[in-house]
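The values are calculated or read from the model by the stated rules, or taken from the named source; none is laboratory data. None of these values were measured; they are calculated from a predicted model. Cβ placement follows ideal geometry from the backbone for every residue including glycine, while neighbour counts extend to all protein chains displayed.
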C-alpha cells in the first residue's frame, strides 16, 4: 500500500513538473517574440550554425569532462561577442564576456535585481541583502552599510580581531606537527569566526560539532545552488516538489539549519538586549526593528522583521565565510605548487616585518611583492568565474542590445582573468605582472574586479581584503606550506558551485626555524 502511494505520488509530481515546464515554455515563447534585437547566442541561428554550436560543446566536453560553464561561455564569446544570449525554457540568460559589457550592465539601474532562489525564499520567509531586490534590497543594504561604518568593520581598526583569529589558526596548524592534513575546515572555521564576531559577537571552537554541521550546510548549499541543478532552484513553485526531488529538499533543509542558528543567536541577544550598548550586528538589527515598530519587536511585514534579520544575517554569514575561505584554499594550493614564490614572499616579510612581530596592514606599502602575489592569487584562483547573477527589473538595453525584463544577467569574470590577450601565460602564477618596472609599485588593472562592480558590488570588500592579507601573511610568516611526499600530483581543477573551489588536498605546515 505504501509503495503504491509512493508510486502515484511520483507520477503526480512528474505530471506537475511537465505541466509547469510546458506552461513556462509557452509563456517564454510569447514573450520572446516581442523582442527583435536580442544579443546573439548559441543554438539560435540557422541549422548549420546550430550544428556548429553543438559540435563546439561536444568537443569541449570531450577534451575535458570537467569543463565548466564559464569555459564553454568563453569559447562561444569568440564567435558571438561580448554579450551571449542563452535560450532556455524557463529562463532568459545573458552572459557578459568583456570588461566594458560588465561595467555598462552593472551600472544600469535596471539590472540591479537578483533572481530569486525559490527554495530558500520559501524556507527562510524573509528578505536578506544578498538576493533581495528593489526597495527591500536598498533598505537592507543601507542598514548593513551603516553598521559596517559604525563598527569600523571596513576600517583597519578591525584588524586586531582578524589577527587574533589568525593566531588561533596558526595554533591549529602547529598541532599537526608538520604532518599532512586537509586545511579546508580550519580555514573555513577561522574565516567564519571573523564574521561571527561581527554578526553575533562571539567565535566558535574549531572542534565544535554543531558549528561543523553548520559549515557543512553552507558549503553544500553553495555547491548545489551553483551547480548543475542551480537553474532548477529558480523555477517558480519548484519548492512545492521538495519532497519528491532530493536535491531541492536538501537545499531547503540546509537553509533551515542556517536560519535556525541565526534565530538561536537572536533569542540569546533578546535576553540582555540594551539599545544604548550595541555589541554587534544582531543588536543593531534589534534596535532598528524596535525603532521601526514603535519600540515593540513584532512580525509587522511593513517593517523589518525577525525573518528579515535572520535572512540578512544568514546572507552575510554565508558570504563572509565561503568566498574568503575558498580564496585562501586556492591561495595555499598555488603557493604550495610554487616554493620559489612562497620563499620570495617570506624573504620580503622577514626584511620588512622582522621576526619579533607579525605582519600588519600598515606594512602593505612596504610589501610590493607580497601585495602583487595576493592580487595574482585572486586572478588565477578566480573563485567567482560567473560572478553573482543579476536580473533585469524592466526592459532595458546594454551595448545596443535588448535585455528583456526578468532576464538573468551573468558576468563571465573568467574571460577577464584568463584572456591571453590581457595576461601573458594566464595559467602561470606570475606576481610580477602586477609590479611596474622598478618592482616597487603595484599596478591595478581595470579587468581585475574580484568583488564585482557597480551598484551591487560586494559590500564587504575591505573586510575580505584585510582577511586575505592577514591570514596569508601570518601563515607564511610562521610556516612553510609544503606538498606531502606521498600525496597525489597537485591539481588546479575546480568544483563548480556558486564559487569555484579546489579539489580536496592536503598540506604540510612546517614551522619556520630561525
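Remarks
- Checking each residue of the range 383-390 against the condition of being at pLDDT below 95, crowded, with 20+ Cβ neighbours inside 10 Å and within 24 Å of residue 479 (Cβ to Cβ) gives at least one match.
- Across the range 333-380, the number of residues qualifying as within 28 Å of residue 449 (Cβ to Cβ), touching a helix residue (DSSP H, G or I) at 6+ places or on another chain (Cβ under 7 Å) and not in a helix (DSSP H, G or I) comes to 3.
- Residue list for the range 203-231, filter: at pLDDT 85 or above and in a loop (DSSP other than H, G, I, E, B): 203, 204, 205, 206, 207, 208
- Enumerated helices (runs of 4 or more DSSP H) restricted to the range 116-185, each holding at least 2 residues that are modelled with pLDDT of 80 or more: 134-150, 159-174
- Complete set of residues in the range 431-456 that are under 21 Å from residue 130 (Cβ atoms), in contact with a strand residue (DSSP E or B) (Cβ under 8 Å, 6 or more places away or on another chain) and not in a loop (DSSP other than H, G, I, E, B): 456
- Flag for residue 459 being touching a residue at least 60 places away in the same chain (Cβ under 8 Å) and assigned to a loop (DSSP other than H, G, I, E, B): yes
- Residues that are in a helix (DSSP H, G or I), surrounded by fewer than 18 Cβ atoms within 10 Å (Cβ to Cβ) and touching a helix residue (DSSP H, G or I) at 6+ places or on another chain (Cβ under 8 Å), drawn from the range 99-115: 103, 109
- Selection within the range 446-467 - surrounded by 15 or more Cβ atoms within 10 Å (Cβ to Cβ) and either closer than 12 Å to residue 376 by Cβ or out of contact with any helix residue (DSSP H, G or I) (no Cβ under 8 Å at 6 or more places or on another chain) (or both): 448, 450, 462, 465
- Out of 336, 234, sole residue that is at pLDDT below 80, surrounded by 15 or more Cβ atoms within 10 Å (Cβ to Cβ) and touching a strand residue (DSSP E or B) at 6+ places or on another chain (Cβ under 8 Å): 234
- Extreme residue, surrounded by the most Cβ atoms within 10 Å (Cβ to Cβ), among residues of the range 246-277 that are outside any helix (DSSP H, G or I) and touching a residue at least 12 places away in the same chain (Cβ under 8 Å): 273
- Any hit, the range 77-85, residues being modelled with pLDDT of 75 or more and closer than 30 Å to residue 259 by Cα: no
- Selected residue (only one of 96, 187 is under 30 Å from residue 418 (Cα atoms), in contact with a strand residue (DSSP E or B) (Cβ under 6 Å, 6 or more places away or on another chain) and buried (at least 22 other Cβ atoms within 10 Å of the Cβ)): 96
- Meets criteria (surrounded by 15 or more Cβ atoms within 10 Å (Cβ to Cβ), under 22 Å from the mean Cα position of the chain (by Cα) and modelled with pLDDT under 85) for residue 194: no
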